[in-house]
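Colleague: Take a look at the following structure, please.
The values are calculated or read from the model by the stated rules, or taken from the named source; none is laboratory data. Quick caveat, the model's predicted, so the values are computed rather than measured. Cβ sites come from the backbone with ideal geometry, for glycine too, and all protein chains shown count toward neighbours. Please note that ligands, DNA and RNA were not included when accessible areas were found on the heavy atoms of the full protein model with its side chains. Shrake-Rupley method; radii C 1.70, N 1.55, O 1.52, S 1.80 Å.
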Amino acid sequence: MRILLQRVSRAEVLVRPDSRDGVPYITGTIGTGFLLFVGFTQSDTEHEIAWLADKIVGLRLFPDHERRLNCTLTDCGGELLVVSQFTLYADARKGKRPSFIQAARPETALVLYNQFVVRLRELGYTVATGEFGATMEVSLVNDGPVTIWLEREAPSHDQLSRH
């Protein structure tokens, strides 16, 4: 599971319907908080979801009164905007067209995405979302700028058998 986290002062997701006569609509908007671009791979489970959700809400990425990064999302009353992004698993090492073979299949990724959103809400946070599988325009004001790459891989079968 991979997440690109951006600390924002505001962010919004606008869905552009595929048909020409479809009207764009906003699915999620937040003020101060984290915009999370989230990608999944086939081996991801609830363990990676829980670990990363707990990590995110515990990160001290907001300034205190001395302008040091000492405050958490809870400390500043922040919100979360979660946007599914399979392109986080792009492999562009060969050729000109990236491969997305490591990204989870859509039916798997949708379940994991929903589990991640539920987990964050169970932790007590306001969570806005994009729309899974849709063409979206994401607008944000990156505060800082603060951008963090987070990744958690499921243990391989070999790693599990050693414990």
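Colleague: Can you bin the chain into rounded, prolate or oblate? Criterion: square roots of the alpha carbon gyration tensor eigenvalues sorted a ≥ b ≥ c, rounded for a/c under 1.5, prolate for a/b above b/c, oblate for the rest. Could you put the intermediate results ahead of the total?
Modeller: Numbers: a/c = 1.66, a/b = 1.08, b/c = 1.53.
Verdict is oblate for the chain.
Colleague: Take every DSSP beta bridge with both residues inside segment 1-128 and express the antiparallel ones as a percent of the total, to the nearest 5.
Modeller: Of all bridge pairs located within segment 1-128, approximately 65 percent are antiparallel.
Colleague: Mind ranking 30-40, 45-55 by how tightly packed they are, going by the mean number of other C-beta atoms within 10 angstrom, highest first? If you can, show how the numbers build up before the last one.
Modeller: Details: 30-40: 22.9, 45-55: 16.5.
My ranking of the peptides, most packed first, is 30-40, 45-55.
Colleague: Karplus couplings for segment 49-56 from phi (6.51 cos²θ - 1.76 cosθ + 1.60, θ = phi - 60°), rounded to Hz, Gly and Pro as x?
Modeller: With the stated coefficients, segment 49-56 comes to 4, 5, 4, 6, 4, 5, 4, 4 Hz.
Colleague: Tell me which chymotrypsin sites (Phe, Trp or Tyr not before Pro) from segment 89-130 have a DSSP coil assignment and no more than 14 other beta carbons within 10 Å of their own. Intermediate results must be reported in sequence, preceding the final value.
Modeller: Values: sites: 89, 100, 113, 116, 125; in loops: 100, 125.
Taking segment 89-130 and a limit of 14 other Cβ atoms within 10 Å, the loop chymotrypsin sites (Phe, Trp or Tyr not before Pro) found are 100.
Colleague: Here is a further query. Charges only on Cβ, +1 for Lys and Arg, -1 for Asp and Glu: so what's the dipole of the chain about the Cα centre, in debye to the nearest 20?
Modeller: Details: 18 positive and 20 negative charges, 104 e Å.
Dipole of the chain, to the nearest 20 debye: 500 debye.
Colleague: Let me ask you something else. Hey, can you find the accessible area per residue of segment 1-106 for me, probe 1.4 Å, expressed in square angstrom?
Modeller: Values: 6090 Å² over 106 residues.
Dividing the accessible area of segment 1-106 by its residue count gives 57 Å².
Colleague: Give the separation of the Cα centroids, segment 36-76 to segment 79-113, in Å.
Modeller: 20 Å
Colleague: Counting only residues 5 or more places away or on other chains, whose amide H sits under 5 Å from the amide H of residue 10 once H atoms are built in the peptide plane?
Modeller: For residue 10, whose amide H was placed from the backbone, the distant partners under 5 Å are 141.
Colleague: Give me the percent of accessible area attributable to carbon and sulfur for the chain, probe 1.4 angstrom.
Modeller: Working: 4890 of 9790 Å².
With neighbouring chains kept in place, the figure for the chain is 50 percent.
Colleague: Follow-up. Under a point spin-label approximation (7 Å from Cα along Cα-to-Cβ), what is the residue 122-residue 66 distance to one decimal in nm?
Modeller: Between residue 122 and residue 66, the simple spin-label model gives 3.7 nm.
Colleague: In whole Hz and in residue order, list the ³J(HN,Hα) couplings for segment 106-111 that follow from phi through the Karplus curve 6.51 cos²θ - 1.76 cosθ + 1.60, θ = phi - 60°; x for Gly and Pro.
Modeller: After applying 6.51 cos²θ - 1.76 cosθ + 1.60, I find x, 5, 6, 4, 4, 4 Hz.
Colleague: Apply the Karplus curve 6.51 cos²θ - 1.76 cosθ + 1.60, θ = phi - 60°, to the phi angles in segment 131-147 and return the couplings in whole Hz, x for Gly and Pro.
Modeller: Running phi through 6.51 cos²θ - 1.76 cosθ + 1.60 with θ = phi - 60° gives 10, 4, x, 8, 7, 10, 10, 9, 10, 8, 10, 6, 8, x, x, 10, 9 Hz.
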